1. Got a sec to turn the phi values of region 125-142 into Karplus ³J(HN,Hα) couplings, 6.51 cos²θ - 1.76 cosθ + 1.60 with θ = phi - 60°, whole Hz, x for Gly and Pro?
2. Please work out whether the chain counts as rounded, prolate or oblate from its C-alpha gyration tensor, where a ≥ b ≥ c are the square roots of the eigenvalues and a/c under 1.5 means rounded, while otherwise a/b larger than b/c means prolate and anything else oblate?
3. Just subtract the alpha-carbon distance of H65 and A161 from 0.36 nm times their residue separation and send over the number in nm, one decimal.
4. When the gyration tensor of region 93-176 is built from Cα positions, what are the square roots of 5 times its three eigenvalues, in whole Å, from largest to smallest?
5. Hey, with R₀ at 22 Å, roughly what FRET efficiency would I9 and V168 work out to, going by the Cβ-Cβ distance, to 0.05?
Amino acid sequence: MMFLPLTFIIAAILLFLGYAFAFQPNKMAVLPRLRWAGIVLGVPCLIWSAWHGCIMLEGGLAKFHTLVWCLVPILSILCALYLDYLFARSLGGFLILSANELIRCAFIYDVPLRGVYSVVCLLMGICGLFLLGAPWHLRDALKLADNKPPVGRAIAATLVAAAILLIVLGCLRRLS
């Protein structure tokens, strides 16, 4: 299972974003549009999504598994060439996929305060939906944090608190 590694990856992303909002919002305003970072994060997200898609294609629809897997490299190239705000969109997809996996693992591993943990994961997934649908809002939020430092520190504190909560509760898990 990928529970702890995924928890630490998500926590690292949240801590990095917290740092960006607290200390470097002006310099990090270009972050949502980084094409290379979007490709690095987006291709694994497309592979992960294809895997989930193939799980849902059962019975007579199983013949489409090959098509789904063939679309991954094609969509990777098309996204890299034509999507703007690629990193923000990739981050949104990663947050959605991770939230689903972390909530599932929270019940497998009997995470303490599972309800709180699940709510944090659910909010993380909702943020991912917003990043997918309106990725420019990450840039706007970073610019707002630059113009109004208390807002940036509040966002950073929220992100750091979520990261710490995920790590602490994830490490306190028990095998069922």
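Each reported figure results from applying straightforward, stated rules to the coordinates on display, with no laboratory input. Source: prediction; values computed, not measured. Every residue, glycine among them, receives a Cβ derived from its backbone with ideal geometry; neighbour counts consider all protein chains shown.
1. x, 5, 4, x, 4, 5, 5, 5, x, 9, x, 5, 5, 5, 4, 4, 5, 5
2. Values: a/c = 2.59, a/b = 1.16, b/c = 2.23.
Oblate.
3. Between H65 and A161, full extension yields 30.6 nm more.
4. 28, 16, 7
5. 0.85
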